[in-house]
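Below you'll find the structure, written out as structure tokens, and then a few comments.
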Amino acid sequence: MMWLSVPADTDFSIHNLPFGIFHTGDGRPRAGVAIGDHIVDLPAAADAGLFGKPRFFKKVFGQNTLNEFIGLGKPVTNRIRRKVQEWLLQPEAPANAAQLLCDRRGATMLMPVSVPNYTDFYSSIEHATNVGKMFRPDNPLLPNWRWLPVGYHGRASSIVVSGTSMRRPWGQIIPQGRETPVYAPTQQLDFELEMAFVIGKNSELGQPIPIDKADEYIFGLLLFNDWSARDIQRWEYVPLGPFLGKNFGSSVSPWIVPLEALKPFRVKGPKQTPAPLEYLQQKGRQQYDIDLEVAITPGNSGQETVISRSNTRYLYWSMAQQLAHHTVNGCNVQVGDLMASGTISGPIPGSYGSLLEMTLGGKEPILLPGGISRAFLEDGDILTLRGRAEKDGVRIGFGEVTGWISK
Ligand code: MN
């Protein structure tokens with residue numbers, strides 16, 4: 001059906017069509033849709049009259065973020081996606097094919113959105129239990145955990161796109177055997193395997209978003225790495241929570257996969273006990289079956305090894321519940337806000353979403369090929385997260401989010 005050939009194992013199939021911001025070395029950031037090894041250049045497509053109102057859409061897609069486009073609302077963004085799909089699903093290549101397509105491998109990806117606010121949840125029961133056990137072996141989950149999606153407000157300014165190097169942060173650390181801090185580079189640099197959703201619609205201050213309206217406010221999803229300095233975090237987090245151990249940087253994948261593309265992969269979430277309060281009660285399939293993996297390329301070997309495989313379906317609290325809870329007090333959300341899931345750990349070793357869990361706080365380093373081991377990340381290491389869903393021959397991928405640790 002499609003005139004353009006795409007690799008059989010591509011993340012960016014005709015069923016996906018994620019949105020991103022790219023340039024091709026010409027210093028002209030613009031919006032695009034990924035398809036196979038190509039990008040549909042949206043300003044060029046607008047110019048060719050693909051969407052109607054050529055001047056309006058050329059301006060919307062000629063910006064260096066997707067915020068204005070996303071803010072047009074789902075009826076518009078879904079229509080644009082369908083138009084791109086129809087353009088690709090012709091038996092013969094259209095005359096303007098060369099004009100509208102760019103080589104994806106020759107493109108540089110930029111931050112897809114300007115992020116007004118960023119919130120991080122803590123919604124994997126396995127992760128919360130694993131981490132809780134290290135501090136409270138008999139009572140890992142605190143009493144509030146099963147009643148509400150625990151979260152904190154993070155820092156939006158330091159969210160960067162995949163490929164950006166991450167400088168090892170310095171801060172206050174208590175060296176082993178001491179009781180007072182020193183100022184030093186973190187010795188416990190970690191990643192967190194997360195998925196984030198992008199807010200697609202402003203809400204009114206003072207107006208909660210009801211849980212059954214949550215999907216109207218979620219534009220799409222991307223991979224999220226919440227880099228964490230565990231030693232800084234451990235000393236500073238009492239009593240107000242994460243601060244400098246987290247806000248030095250977070251990385252996102254460049255392509256936002258629209259919620260519509262993920263419909264075939266919706267699944268029921270875990271049974272919630274006790275039953276949540278009424279504003280958090282939901283019906284139907286509210287979780288997603290998306291396979292996730294974490295890979296490390298140690299700086300001193302250059303060989304990539306997958307160190308964890310997890311899945312978004314392990315999340316206890318759904319995105320709809322997170323958003324309903326976030327706004328139940330009247331807090332408003334803004335287009336481009338990012339809400340990250342929290343570390344997504346599965347139930348068994350090999351499915352954990354952080355080194356903190358895999359190495360029991362650094363006590364049992366993981367072993368990698370070539371006699372290399374890691375308790376935490378070292379300078380020169382490359383850490384990559386990937387996500388992909390597949391069902392009945394339909395395949396949707398998120399690409400990857402990668403980051404390189406520098407001094
Ligand atoms: Mn996190």
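The values are calculated or read from the model by the stated rules, or taken from the named source; none is laboratory data. The structure displayed is predicted, hence computed values, not measured ones. Counting neighbours? That spans all protein chains shown, and the Cβs are built from the backbone with ideal geometry, glycine included. Surface accessibility is based on the protein's heavy atoms, side chains included, excluding ligands, DNA and RNA. Shrake-Rupley method; radii C 1.70, N 1.55, O 1.52, S 1.80 Å.
Residue check: Ala8 meets all listed conditions (1) within 15 Å of Arg81 (Cα to Cα); (2) not assigned by TED's automatic domain parsing to the domain that holds Val84 but one, namely (1). Comparison of Arg136, Arg146 shows that the only residue that is modelled with pLDDT under 95 and of a type in the set (Lys, Arg) is Arg136.
Among residues belonging to segment 196-230 that are among the charged types (D, E, K, R) and within 16 Å of the ligand (Cβ to nearest atom), point out the one that is nearest to Phe135 (Cα to Cα).
Arg230
Taking the residues in segment 128-172 that are among the basic types (Lys, Arg) and in contact with a Pro (Cβ under 8 Å, 6 or more places away or on another chain) as candidates, determine which candidate is most open to solvent (accessible area, probe 1.4 Å).
Pass one, segment 128-172, residues among the basic types (Lys, Arg): 133, 136, 146, 155, 167-168.
Subsequent filtering for residues that are in contact with a Pro (Cβ under 8 Å, 6 or more places away or on another chain) retains 133, 146, 168.
Values: Lys133: 107, Arg146: 91, Arg168: 26 Å².
Among those that are among the basic types (Lys, Arg) and in contact with a Pro (Cβ under 8 Å, 6 or more places away or on another chain), it is Lys133.
Restricted to segment 242-292, and to residues there that are open to solvent by 10 Å² or more (accessible area, probe 1.4 Å) and β-branched (Val, Ile, Thr), the residue that is nearest to the chain's Cα centre (by Cα) is Val267.
For segment 102-127, the set of residues classified as open to solvent by 40 Å² or more (accessible area, probe 1.4 Å), within 16 Å of the ligand (Cβ to nearest atom) and modelled with pLDDT of 95 or more consists of Asn117, Tyr122, listed by residue number.
Results for (1) assigned to a strand (DSSP E or B); (2) of a type outside the set (A, V, I, L, M, F, W, C); (3) closer than 24 Å to Arg105 by Cβ, shown as yes or no for each residue.
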{"site": "Lys363", "(1), (2), (3)": "no, yes, no"}
{"site": "Asp379", "(1), (2), (3)": "no, yes, no"}
{"site": "Leu383", "(1), (2), (3)": "yes, no, yes"}
{"site": "Glu390", "(1), (2), (3)": "yes, yes, yes"}
{"site": "Phe398", "(1), (2), (3)": "yes, no, yes"}
{"site": "Trp404", "(1), (2), (3)": "yes, no, yes"}
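The one condition from (1) assigned to a loop (DSSP other than H, G, I, E, B); (2) in contact with a Gly (Cβ under 7 Å, 6 or more places away or on another chain) that Leu223 does not meet is (1).
Each residue in segment 38-82 was checked for being surrounded by fewer than 20 Cβ atoms within 10 Å (Cβ to Cβ), without any contact (Cβ under 8 Å) to a residue 24 or more places away in the chain and not aliphatic (A, V, I, L, M), and 12 of them qualify.
Taking segment 282-316 as the range and being within 28 Å of Lys268 (Cα to Cα), in contact with a helix residue (DSSP H, G or I) (Cβ under 8 Å, 6 or more places away or on another chain) and either of a type in the set (A, V, I, L, M, F, W, C) or in a strand (DSSP E or B) (or both) as the test, the residues that pass are Gln287, Tyr288, Ile290, Leu292, Ile307, Ser308.
So that you can scan it fast, the table gives a plain yes or no per residue for (1) in a strand (DSSP E or B); (2) more than 25 Å from Ala320 (Cα to Cα); (3) in the same structural domain as Arg234 (by TED's automatic domain parsing); (4) not basic (Lys, Arg):
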{"site": "Arg105", "(1), (2), (3), (4)": "no, yes, no, no"}
{"site": "Glu126", "(1), (2), (3), (4)": "no, no, yes, yes"}
{"site": "Asn130", "(1), (2), (3), (4)": "no, no, yes, yes"}
{"site": "Met134", "(1), (2), (3), (4)": "no, yes, yes, yes"}
{"site": "Asn139", "(1), (2), (3), (4)": "no, yes, yes, yes"}
{"site": "Leu142", "(1), (2), (3), (4)": "no, no, yes, yes"}
{"site": "Trp145", "(1), (2), (3), (4)": "no, no, yes, yes"}
{"site": "Pro149", "(1), (2), (3), (4)": "no, no, yes, yes"}
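For segment 128-151, which positions are out of contact with any Leu (no Cβ under 9 Å at 6 or more places or on another chain) and within 16 Å of the ligand (Cβ to nearest atom)?
Residues of segment 128-151 out of contact with any Leu (no Cβ under 9 Å at 6 or more places or on another chain): 133, 135, 137-146, 151.
Hits for segment 128-151 are Trp145, Gly151.
Could you check how many residues of segment 23-37 are within 11 Å of Arg104 (Cα to Cα) and buried (at least 23 other Cβ atoms within 10 Å of the Cβ)? Walk me through it before giving the result.
Step one: list which residues in segment 23-37 are within 11 Å of Arg104 (Cα to Cα), which gives 23-24, 32-37.
Among the residues that remain, those that are also buried (at least 23 other Cβ atoms within 10 Å of the Cβ) are: 32-35.
Qualifying residue count, segment 23-37: 4.
Which of the residues spanning segment 159-177 are over 24 Å from the mean Cα position of the chain (by Cα) and in a strand (DSSP E or B)?
Looking only at segment 159-177, we keep the residues that are over 24 Å from the mean Cα position of the chain (by Cα), and these are 170-177.
Selection gives Trp170, Gly171, Gln172, Ile173.
Among the residues of segment 178-217, those identified as open to solvent by 80 Å² or more (accessible area, probe 1.4 Å) and in a helix (DSSP H, G or I) are Asp212, Lys213, Glu216.
Taken over segment 287-336, the criterion of being within 16 Å of the ligand (Cβ to nearest atom) and either of a type in the set (A, V, I, L, M, F, W, C) or out of contact with any Lys or Arg (no Cβ under 9 Å at 6 or more places or on another chain) (or both) is satisfied by Leu292, Val294, Ser308, Ser310, Thr312, Tyr314, Leu315, Trp317, Met319, Gln322, His326.
Please verify whether Asp9 is among the charged types (D, E, K, R), under 17 Å from Gly393 (Cα atoms) and open to solvent by 30 Å² or more (accessible area, probe 1.4 Å), treating the condition exactly as stated.
Working: among the charged types (D, E, K, R): yes; under 17 Å from Gly393 (Cα atoms): yes; open to solvent by 30 Å² or more (accessible area, probe 1.4 Å): yes.
Taking the combined requirement at face value, the residue satisfies it.
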